[in-house]
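Everything on this sheet refers to the single structure shown next.
The values are calculated or read from the model by the stated rules, or taken from the named source; none is laboratory data. Values in this document were obtained by computation on a predicted structure and should not be read as measured data. No Cβ is skipped: glycine too gets one built from the backbone with ideal geometry, and neighbour counts run over all protein chains shown. For accessibility, only protein heavy atoms count, side chains too; no ligands or nucleic acids. Shrake-Rupley method; radii C 1.70, N 1.55, O 1.52, S 1.80 Å.
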Amino acid sequence: MKKIVVLTGAGISAESGINTFRDADGLWEGHDVMEVASPMGWERNQELVLDFYNKRRRQLQTVDPNPAHKALKELEKNYEVHIITQNVDDLHERAGSKNVIHLHGELKKVRSTFDEDLVLDWEGDLVAGDFCEHQRQLRPHVVWFGEAVPMMQPAIQITMEADILLIIGTSMQVYPAAGLLHYAPEGIPVYFIDPKPAVKETRHLKIFSEKASTGVPKLVKELLQDSE
Ligand SMILES: NC(=O)c1ccc[n+]([C@@H]2O[C@H](COP(=O)([O-])OP(=O)(O)OC[C@H]3O[C@@H](n4cnc5c(N)ncnc54)[C@H](O)[C@@H]3O)[C@@H](O)[C@H]2O)c1
């Protein structure tokens with residue numbers, strides 16, 4: 001089976017009802033990202049940061065995977081599919097995708113502020129006073145601006161082994177995630193689906209300037225036909 005690597009960003013979840021970040025003038029749900037997604041913001045106002053991610057976590061219960069997430073699951077019929085997502089939602093998993101790497105963490109996990117490797121599954125709200133086994137505050141398991149991206153190394157490795165690369169709904173402005181494109185083997189087909197694509201078309205890079213919910217199922221259909 002050929003290996004398809006899919007890099008997804010906030011745009012793939014937009015039509016499920018989760019707002020993207022850059023479409024709203026650089027604010028994330030009305031907040032400056034440095035307020036809610038940086039170690040400095042956390043130092044300044046833990047209550048605000050906890051409340052922000054509690055709202056995001058609660059929102060997950062009100063949204064569902066859309067046709068784009070579901071089509072990527074279909075692709076597994078004839079391909080080995082690896083999804084590398086910048087999203088912290090769980091919509092790829094809920095669509096049934098088998099191999100999902102979360103580059104920027106997951107809303108439904110929290111971690112210790114004492115030991116970053118101490119990660120716990122979390123469903124409800126996280127509040128001040130929720131401690132790890134070392135009696136230290138738990139924080140959202142989300143990679144904030146300025147923090148290391150531990151999943152980058154496995155993501156690079158998988159991208160280097162890709163036969164086909166799909167990039168869906170990302171402004172390609174958040175590094176190091178955006179740099180993954182450059183690890184794809186030279187000359188493999190790359191497809192970019194985004195209504196406002198951030199890259200230019202080349203001989204090997206084909207752009208579909210459209211929404212994920214229509215663009216992804218169309219491309220998946222073509223790829224499945226090609227493999228039969
Ligand atoms: N769903 C989530 O988990 C979520 C939501 C908002 C922000 N974030 C975080 O913020 C960071 C933002 O970076 P990013 O590049 O992922 O997002 P971004 O907000 O910077 O860019 C969103 C991209 O999605 C595109 N888009 C909008 N509607 C679309 C649609 N219907 N179909 C396809 N594409 C569409 C936009 O044109 C844009 O290029 C990420 O690292 C992520 O962790 C996550």
*Within segment 49-137: Cβ-based charge dipole about Cα centre, in debye rounded to nearest 20 (Lys, Arg +1; Asp, Glu -1)*: 320
_Under-5 Å amide H pairs with ILE193, H placed in peptide plane, nonlocal only_ = ILE167, ILE168, GLY169, PHE208
*Residue with peak Gaussian network fluctuation, the chain [Cα springs, cutoff 10 Å], from GLN86, GLN59, GLN135*: GLN135
*Output the relative contact order of segment 145-211, whole-number percent, from Cα pairs under 8 angstrom with separation of 6+ residues.*
30
*Inverting the mean 1/r over all pairs of different Cα atoms, compute the Kirkwood radius of the chain and quote it in Å.*
18.2
_Entries in LYS2/LYS70; LYS55/LYS200; LYS108/LYS218 that, when Cα-Cα distance is taken, lie over 28 Å_ = LYS55/LYS200; LYS108/LYS218
*asked:* Probe radius 1.4 Å, ligands and nucleic acids left out: which of THR8, THR214 has the largest accessible area, and how do the rest follow?
replied: THR214, THR8
*asked:* Quick check for you: with a 1.4 Å probe and neighbouring chains kept, what is the accessible area per residue of segment 118-182, in Å²?
replied: 49
*Among ILE193, HIS92, LEU181, pick out the residue whose Cα is farthest towards the positive end of the charge dipole of the chain, where Lys and Arg carry +1 and Asp and Glu carry -1 on C-beta, about the Cα centre.*
ILE193
*Estimated [θ] at 222 nm from DSSP helical runs (n ≥ 4, -39500 (n - 2.57)) normalised by residues in the chain, nearest 500*: -7500 deg cm²/dmol
*asked:* Along the charge dipole of the chain, pointing to its positive end and built from +1/-1 on Cβ of Lys, Arg, Asp and Glu, which listed residue (LEU27, PHE145, THR8) has its Cα farthest out?
replied: THR8
*Output the peptides 112-123, 157-168 sorted from most to least packed, where packing is the average of other Cβ atoms within 10 Å over each peptide's residues.*
157-168, 112-123
*Taking Cα pairs under 8 Å and at least six residues apart, what relative contact order does the chain come out at, in percent?*
24
